[in-house]
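The structure under discussion appears below in the form of structure tokens.
The values are calculated or read from the model by the stated rules, or taken from the named source; none is laboratory data. These figures come from a predicted structure and were not determined experimentally. As a convention, Cβ positions derive from the backbone with ideal geometry for all residues, glycine included, and neighbour counts pool all protein chains shown.
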């Protein structure tokens with residue numbers, strides 16, 4: 001539950017140019033004269049308005065949660081819902097074949113990102129007009145807004161690759177003259193990196209409010225941006241070079257976060273309302289149920305992802321794939337079944353007790369016959385899924401909460417909660433550091449980082465019990481011990497282990513597709529997934545990832561038309 005010490009994301013909108021056609025937006029009560037906004041108090045409100053865009057999303061207006069973009073397109077999850085036509089745009093994301101540049105959802109996502117950028121730009125422009133004597137927080141607020149702007153540009157970058165860069169110095173009338181290819185792929189990354197670097201250098205270690213950007217957030221996001229930028233791509237989206245200098249800085253930045261942040265003692269603590277904002281959380285969107293507005297500031301990015309049982313009622317989206325569930329299987333030594341994991345399907349709670357598994361499976365996926373969200377008396381059933389014949393009987397649990405949680409609320413016909421949505425956690429930082437070290441040929445230094453995550457997973461079984469207190473799975477996970485339970489820790493084997501660890505640790509959090517594109521292996525990985533999945537899911541009969549095209553979404557047709565053809569379409573589209 002959030003208190004007034006948190007930023008009120010639901011602050012009233014000041015500028016008419018910032019309004020959205022969303023049920024989340026209330027009708028404006030009046031319009032302020034632009035010159036009257038240039039006061040410290042009003043700029044503070046505009047800063048809060050920019051922050052609000054982190055949570056101003058819903059399933060129809062370009063959701064900020066990554067699951068539709070990163071899970072559905074990677075093989076980690078099925079769309080779910082009431083058949084392939086329910087949220088049909090997401091079906092196109094998942095299967096690729098019928099996705100076109102006139103996809104309405106992509107246009108909304110693009111638009112909502114630029115609304116967010118516009119709010120940051122407007123606040124930045126007015127911050128420049130006021131003196132530090134009048135506004136002592138001037139430099140800090142500037143850094144906050146550049147951090148937020150970089151966050152929204154980062155999302156555009158990994159989704160669309162090429163986008164127009166608009167900042168506070170560009171006049172509204174000039175927007176139409178700014179092309180999405182004015183800057184190269186590398187130059188756009190450099191600009192995002194510069195934003196995060198400025199934020200890191202000018203933000204305090206601890207800011208006024210929990211939700212405000214601070215130095216640690218900026219440092220972590222800078223490391224993330226550098227990691228992505230290090231994998232240089234050509235026009236056709238092929239990875240053609242890895243910049244070792246950037247990777248070295250990633251290592252340094254991640255090392256600098258050690259001690260400021262740490263792993264939670266139990267993996268479960270990252271996905272419970274009562275333990276949010278813990279030692280592992282670096283950058284999270286803060287929500288609330290009691291901010292005084294009609295519906296509260298709930299996490300609308302998860303509103304479709306609850307089961308269909310009476311305690312919830314809707315809507316059965318975001319169903320982990322059979323491939324994803326199978327990937328949590330381990331061998332007798334407690335290590336992943338890298339090559340044979342998909343030969344045996346885990347489908348019920350009995351399977352979990354009969355097969356060696358990584359305990360992170362039971363934190364992540366709701367499986368028939370097993371407790372839902374750590375409540376041994378609340379047993380998940382196949383009937384809780386909406387269309388098991390099409391999408392199977394699994395559901396994602398990380399983003400949901402129990403119906404008796406004070407953080408849970410109905411917003412008929414939907415529901416959600418005030419549980420945080422983590423954007424960056426320390427486990428992610430550890431994985432970035434390990435990845436950079438491996439690509440630098442320093443894989444021995446990456447081993448303890450990967451093993452620390454596996455050791456934490458092994459110690460995260462206290463909540464995974466039935467009503468008798470017995471384990472709900474045959475949990476068997478071990479650290480990598482080269483020469484004992486695994487081969488020599490070569491760069492190739494370390495890379496395989498790292499990539500597997502990322503998939504399990506971050507499962508259902510929307511990162512896998514972007515990892516695959518960063519590594520340059522999206523086409524081969526997704527098409528191999530389709531080969532098997534089309535035997536399980538008939539709707540995947542025509543599913544196909546087209547290399548040198550599907551690594552990125554197309555630039556929305558509406559936006560190209562708006563620019564009078566100034567915007568150029570992505571390669572392959």
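Assorted remarks:
- Exactly one residue out of 211, 218 is out of contact with any strand residue (DSSP E or B) (no Cβ under 7 Å at 6 or more places or on another chain), at pLDDT below 95, outside any strand (DSSP E or B) and buried (at least 16 other Cβ atoms within 10 Å of the Cβ), and it is 211.
Residues are listed down the side, and each one gets a yes or a no for (1) assigned to a loop (DSSP other than H, G, I, E, B); (2) within 30 Å of residue 341 (Cα to Cα); (3) outside the structural domain of residue 344 (by the TED database); (4) touching a strand residue (DSSP E or B) at 6+ places or on another chain (Cβ under 7 Å):
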{"position": "283", "(1), (2), (3), (4)": "no, no, yes, yes"}
{"position": "292", "(1), (2), (3), (4)": "yes, no, yes, no"}
{"position": "295", "(1), (2), (3), (4)": "yes, no, yes, yes"}
{"position": "309", "(1), (2), (3), (4)": "yes, no, yes, no"}
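- Selection count where residues are under 19 Å from residue 326 (Cβ atoms) and under 17 Å from the mean Cα position of the chain (by Cα), scope the range 380-429: 3
- Residue within the range 93-110 that is touching a residue at least 12 places away in the same chain (Cβ under 8 Å), under 29 Å from residue 198 (Cα atoms) and within 19 Å of the chain's Cα centre (by Cα) present: yes
- Test result for residue 188, assigned to a helix (DSSP H, G or I), in contact (Cβ under 8 Å) with a residue 40 or more places away in the chain and in contact with a helix residue (DSSP H, G or I) (Cβ under 7 Å, 6 or more places away or on another chain): no
- The set of residues in the range 462-498 being outside any strand (DSSP E or B), in contact with a strand residue (DSSP E or B) (Cβ under 7 Å, 6 or more places away or on another chain) and surrounded by 12 or more Cβ atoms within 10 Å (Cβ to Cβ) consists of 464, 466, 472, 473, 476, 477, 480, 489.
- Test: residue in the range 343-351 that is in contact (Cβ under 8 Å) with a residue 60 or more places away in the chain and in contact with a helix residue (DSSP H, G or I) (Cβ under 7 Å, 6 or more places away or on another chain): no
- Any hit, the range 110-129, residues being touching a helix residue (DSSP H, G or I) at 6+ places or on another chain (Cβ under 6 Å) and assigned to a loop (DSSP other than H, G, I, E, B): no
- In this structure, residue 346 does not satisfy being part of a loop (DSSP other than H, G, I, E, B) and under 19 Å from residue 421 (Cβ atoms).
- Qualifying residue in the range 231-240 (condition: within 23 Å of residue 522 (Cβ to Cβ) and without any contact (Cβ under 8 Å) to a residue 24 or more places away in the chain): yes
- Test: residue in the range 96-109 that is out of contact with any strand residue (DSSP E or B) (no Cβ under 8 Å at 6 or more places or on another chain) and under 22 Å from residue 322 (Cα atoms): yes
- Residues of the range 247-273 classified as touching a residue at least 24 places away in the same chain (Cβ under 8 Å) and assigned to a helix (DSSP H, G or I), total: 15
- Failed item, numbered, when residue 391 is tested on (1) in contact with a strand residue (DSSP E or B) (Cβ under 8 Å, 6 or more places away or on another chain); (2) under 30 Å from residue 291 (Cβ atoms): (2)
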